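Below is one structure; the comments refer to it alone.
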Amino acid sequence: MENPFVIKAYESKELFCDREEELQLMLRNCLNQTDMTMVSQRRLGKTGLILRLFDELKDTHREIQTIYLDIFSSRNLDDFIKLFSEAALRSFQPKTPIGERLLSYIKSFRPIVSYDSLTAQPQLQLAYHTVHEKEYTLRGLFDFLDGQNTPIIVAIDEFQQIREYPEQNMEALLRTYIQQCRNLNFIFSGSKKHIMTDIFANERKPFYSSTAFVSLGKISVESYSAFIRKLFGQDDRSITDEAIQFILEWTQRVTYFTQQLCHVIFANGITTIDLAVVKSACDQILKLGETVYLQYRQMLTEKQWNYLIAVAKEGSVRQITAADFLKRHQIGGASASRKLAESLSQKGLLNVEVSLDGIDYSVDDVFFSHWLERL
Ligand SMILES: Nc1ncnc2c1ncn2[C@@H]1O[C@H](COP(=O)(O)OP(=O)(O)O)[C@@H](O)[C@H]1O
Ligand SMILES: [Mg+2]
């Protein structure tokens, strides 16, 4: 049996754990033409849920078309247009009427069209002479899709990336086009909470209050336990309650890490899974990560490195300027602590979780954190 614990892109609803409530909410929003913003920390399953939603729409509402684009790698408006066009081409197959019209529409920008040799997906190279031409092209794409008289859901993943573009008016521009569309609805998804909040919840910004928020938390202990037991069971394997509990605690129920650990346990082939089996899979994971972890060490100053270890040993730190934390780990003063936390979160090594009760710092990579805590 193939490993049922998916560690890459979404595969099927059978291998997808829970998210029923969020899915139903998103379905309702799609049917009611409500644009959405989805925010959560990295690796909890935003992208997976979007693809799960699109899969569900394909089964239950065939008339609704879907377009998915991830703009994480984009640097400017040119890239955005390119990714958007390619995503649209992927969604509408060449032999369908819309697909034909879309291809000939895009060809009117005179791009160089090539096809990826591995995936056979279309790739575009576009050239513009003026900024005006660019904006015209983008607007044209929205108009074209909107004019097909078919409902289309467009998901733009890692949307906060538009804040990195040199074009200053991206948000105003997009907001204007989006507002004029009658058949297009949008899902904006992102991991950088403070930027996403500033885009969608700051009353001085164009997107203010224009979308419904979908926030994604961790999958519940009950759902994830049942899911893990079921997937091992389907391969005639057994797993103890204690083992499952340990998996969920050790990975802190961050979906990516939970899936990884279960994937490794499954791959080891053992049929009766107890705590010892799980713990040895954990060791295996940390051993595998070691090369990368040691590279991090090269990138950091000694103070930064020691700070990471301190946070890892604490698990999660609420008061990074509290006297006992500073003293216990010989960090120095409060402002040194703040500076270190800032530089490490800039590098993506620390995760900053802001909630109503305060700000929590933890090492972003849960496996790395376990490795550090053993030092
Ligand atoms: N509900 C789920 N059940 C099982 N696997 C999931 C689920 N959600 C996400 N995953 C898997 O976990 C990993 C991380 O999820 P991803 O959607 O990429 O997170 P994000 O987009 O929030 O960073 C991926 O391999 C994904 O396929
Ligand atoms: Mg993602």
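The values are calculated or read from the model by the stated rules, or taken from the named source; none is laboratory data. What you see is a predicted model; the values in this text were computed from it and never measured. Cβ atoms come from the backbone with ideal geometry, glycine included; neighbour counts cover every protein chain shown.
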Requested in this report: Answer yes or no as to whether ARG175 is of a type in the set (D, E, K, R) and in contact with a Pro (Cβ under 9 Å, 6 or more places away or on another chain).
Outcome: yes
Report task. Determine whether segment 44-53 contains at least one residue that is crowded, with 19+ Cβ neighbours inside 10 Å, more than 9 Å from ligand 1 (Cβ to nearest atom) and closer than 22 Å to ILE153 by Cα. Result -> yes
Query raised in the report: For segment 165-175, how many residues meet the condition of being more than 21 Å from the chain's Cα centre (by Cα) and assigned to a helix (DSSP H, G or I)?
Result: 5
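For segment 176-194, enumerate the residues that are in a helix (DSSP H, G or I) and more than 13 Å from MET36 (Cα to Cα).
Our first condition is that a residue be in a helix (DSSP H, G or I); within segment 176-194, this holds for 176-180, 193-194.
Passing the criteria: THR176, TYR177, GLN179, GLN180, LYS193, HIS194.
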Report task. Pull up segment 235-255, narrow it to residues that are assigned to a loop (DSSP other than H, G, I, E, B) and within 23 Å of GLU22 (Cα to Cα), then point me to the one that is nearest to ligand 1 (Cβ to nearest atom). Result -> VAL254
Requested in this report: Taking the options GLU167, GLU158, name whichever one is acidic (Asp, Glu) and at pLDDT 95 or above.
Outcome: GLU158
Report summary line: When segment 6-47 is checked residue by residue, the ones that are more than 13 Å from ligand 2 (Cβ to nearest atom), touching a residue at least 60 places away in the same chain (Cβ under 8 Å) and part of a loop (DSSP other than H, G, I, E, B) are VAL6, ILE7, CYS17, ASP18, ARG19, GLN33, THR34, ASP35
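Given the structure, is THR258 at pLDDT below 95 and either not aliphatic (A, V, I, L, M) or not in a helix (DSSP H, G or I) (or both)? Show your work before the answer.
Details: at pLDDT below 95: no; either not aliphatic (A, V, I, L, M) or not in a helix (DSSP H, G or I) (or both): yes.
The answer is no for THR258.
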Requested in this report: Scan segment 261-274 for residues that are in a helix (DSSP H, G or I) and surrounded by fewer than 16 Cβ atoms within 10 Å (Cβ to Cβ) and jot them down.
Outcome: ALA267
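Would segment 334-348 turn up any residue that is within 30 Å of ILE228 (Cβ to Cβ) and either out of contact with any Lys or Arg (no Cβ under 6 Å at 6 or more places or on another chain) or in the same structural domain as ASP236 (by TED's automatic domain parsing) (or both)?
Of segment 334-348, the ones within 30 Å of ILE228 (Cβ to Cβ) are 348.
This time we only want the ones that are either out of contact with any Lys or Arg (no Cβ under 6 Å at 6 or more places or on another chain) or in the same structural domain as ASP236 (by TED's automatic domain parsing) (or both), so: 348.
Looking for residues that are within 30 Å of ILE228 (Cβ to Cβ) and either out of contact with any Lys or Arg (no Cβ under 6 Å at 6 or more places or on another chain) or in the same structural domain as ASP236 (by TED's automatic domain parsing) (or both), one finds at least one in segment 334-348, hence yes.
How about segment 48-159: which helices (runs of 4 or more DSSP H) wholly inside it have at least 3 residues that are under 15 Å from PHE186 (Cβ atoms)? Talk me through it step by step, then tell me what you get.
On the way: elements: 77-91, 97-107, 131-146.
Fully inside segment 48-159 and qualifying: 77-91, 131-146.
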Report summary line: LEU294 meets each of (1) free of Cβ contacts under 8 Å to residues at least 12 places away in the same chain; (2) buried (at least 18 other Cβ atoms within 10 Å of the Cβ); (3) hydrophobic (A, V, I, L, M, F, W, C) with one exception, condition (2)
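Do we have any residue at all in segment 50-62 that's within 12 Å of ligand 2 (Cβ to nearest atom) and within 17 Å of the chain's Cα centre (by Cα)?
Of all residues in segment 50-62, those within 12 Å of ligand 2 (Cβ to nearest atom) come to 50-51.
Subset that is within 17 Å of the chain's Cα centre (by Cα): 50-51.
Within segment 50-62, one or more residues are within 12 Å of ligand 2 (Cβ to nearest atom) and within 17 Å of the chain's Cα centre (by Cα).
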Query raised in the report: When segment 200-234 is examined, which residues are found to be over 23 Å from the mean Cα position of the chain (by Cα) and in a loop (DSSP other than H, G, I, E, B)?
Result: GLU203, ARG204, LYS205, PRO206, GLN234
**Report entry** Yes/no for ASP324 being touching a residue at least 24 places away in the same chain (Cβ under 8 Å) and either in contact with a Phe, Trp or Tyr (Cβ under 7 Å, 6 or more places away or on another chain) or not assigned by TED's automatic domain parsing to the domain that holds THR258 (or both)
**Finding:** no
Report summary line: In segment 330-364, residues that are outside any helix (DSSP H, G or I) and touching a residue at least 40 places away in the same chain (Cβ under 8 Å) total 13
